Amino acid sequence: MKGVIFDMDGVLFDTERVCMKAWMAVAEKHGLPGMEELFNRVIGLNANDSRQIVLEAYGQEFDYPAFRQETADCFKKYIREDGLPIKPGVPEILEWLKGSGYRVGLASSTRSESVLSHLKQADMEDCFSVVITGDMIEHSKPQPDIYLLACERLGVEPDQAYAIEDSPNGIRSAHAAGMWTIMVPDMIAPDEEMRRLSRVILKDMTEVLVYLQQEKERG
């Protein structure tokens, strides 16, 4: 194996819960029903694909740009107040990867501006040789495009790279790309489909580090 590609939200940062909190706050303010179920459907999608799902739920006349702006403002407010929550074990695995010989990338459905802002805030800008974001492709996860582009830019074949994901859409994307899928569940528990599409399901990033170290030793 030659590469390791991370998702961001729910893998590096515990931001999906913050994002859901923001969506729920806006939904309560405007009386939008079924937001929790809707949010779970868009986890791992980029803004373009999320838009379609939201419009299907609330109608084509729904002001999606205003909704996303309001949720984004709410999200930023929470981050300013509480800080950017880094997942346990993330600093350790990124430090180990620096000397591991693996090429390391990031493939996030989130917009470039937010991704780069989060990485800068967490002092992780130099941890990734390649950063692919949701606004760099038309269709993000569960389509394989984002991981195929990440592998291409990283210079590794998909079957020679690990994909570390938390969401079903992310696992579907990496599996469709032909990668070695590692699921670290966050907000959505793995079902039978996830057990079938994942090479391994681990509890947290500390377990992922141990797994990668053991696999590297096996050669």
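The values are calculated or read from the model by the stated rules, or taken from the named source; none is laboratory data. Predicted model only: the values in this text are computed from it and were never measured. A quick note on method: Cβ atoms are made from the backbone with ideal geometry, for glycine too, and the neighbour counts reach across all protein chains shown. Just so you know, the surface numbers come from the protein's heavy atoms only, side chains and all, with ligands and any DNA or RNA stripped out. Shrake-Rupley method; radii C 1.70, N 1.55, O 1.52, S 1.80 Å.
Is there any pair linking a residue in segment 88-114 that is modelled with pLDDT under 95 to one that is assigned to a loop (DSSP other than H, G, I, E, B) and of a type outside the set (A, V, I, L, M, F, W, C), with Cβ under 6 Å and at least six apart or on different chains, and which?
Listed by first residue and then by second, the contacts come to SER109/GLY44; SER109/ASN46; SER109/SER140; SER109/LYS141.
Yes or no: ARG80 open to solvent by 30 Å² or more (accessible area, probe 1.4 Å), outside any loop (DSSP other than H, G, I, E, B) and touching a Lys or Arg at 6+ places or on another chain (Cβ under 8 Å)?
It is false that ARG80 is open to solvent by 30 Å² or more (accessible area, probe 1.4 Å), outside any loop (DSSP other than H, G, I, E, B) and touching a Lys or Arg at 6+ places or on another chain (Cβ under 8 Å).
ILE201 is checked against (1) of a type in the set (Val, Ile, Thr); (2) over 21 Å from VAL131 (Cβ atoms); (3) open to solvent by less than 10 Å² (accessible area, probe 1.4 Å) and fails just one. What number does that condition carry?
The single condition ILE201 does not satisfy is (3).
Between GLU152, GLU165, GLU138, GLU193, which is over 15 Å from the mean Cα position of the chain (by Cα) and under 19 Å from SER50 (Cα atoms)?
Selected residue: GLU138, the only one of GLU152, GLU165, GLU138, GLU193 that is over 15 Å from the mean Cα position of the chain (by Cα) and under 19 Å from SER50 (Cα atoms).
Out of PHE128, PHE67, PHE75, which single residue is of a type outside the set (Lys, Arg), in contact (Cβ under 8 Å) with a residue 24 or more places away in the chain, closer than 20 Å to LEU212 by Cα and open to solvent by less than 90 Å² (accessible area, probe 1.4 Å)?
The unique qualifying residue is PHE128.
For (1) farther than 19 Å from ASP135 by Cβ; (2) open to solvent by 30 Å² or more (accessible area, probe 1.4 Å), each residue gets a yes or a no:
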{"residue": "THR15", "(1), (2)": "no, no"}
{"residue": "LYS21", "(1), (2)": "yes, yes"}
{"residue": "LYS29", "(1), (2)": "yes, yes"}
{"residue": "GLN52", "(1), (2)": "no, yes"}
{"residue": "ALA57", "(1), (2)": "yes, yes"}
